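Only one structure is covered here, and it is reproduced in the block below.
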Amino acid sequence: MIITGCAKGFGQYLALRLASHGATIIGHYKDSAKEALVLEKKLKSLNPNSRMIQADLRSARPRDAQGAAR
């Protein structure tokens with residue numbers, strides 16, 4: 001499951017909730033690196049395949065997104 005903007009707030013809640021039910025989370029953040037690292041540790045404790053990815057999606061092109069998913 002890909003969740004954009006999930007380092008804080010409702011996105012963080014959603015990521016943790018879904019991961020607690022077995023979902024693998026690919027979480028995105030733009031500027032909240034500290035919060036994202038804390039969240040990534042929590043997500044990995046629920047599902048070791050989960051991860052956080054930093055990106056500014058305002059300037060992303062479709063080709064950029066394909067490379068980030070690999």
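The values are calculated or read from the model by the stated rules, or taken from the named source; none is laboratory data. Just so you know, these numbers come straight off a predicted model, no measurement behind them. No Cβ is skipped: glycine too gets one built from the backbone with ideal geometry, and neighbour counts run over all protein chains shown. Calculation scope for accessible area: heavy atoms of the full protein, side chains included, ligands and nucleic acids excluded. Shrake-Rupley method; radii C 1.70, N 1.55, O 1.52, S 1.80 Å.
Quick notes on this one:
- Under 19 Å from the Val38 label point (7 Å along Cα→beta-carbon), backbone N, the stretch 12-31: 12-20, 27-31
- Stretching the chain fully between Ser45 and Thr4 yields a gain of 12.8 nm (0.36 nm per residue, less the alpha carbon separation).
- Protein-only accessible surface order, largest first, of Lys8, Lys34 at 1.4 Å: Lys34, Lys8
- Nitroxide proxy distance, nm - points 7 Å out along Cα→Cβ at Asp31 and Ala55: 2.0
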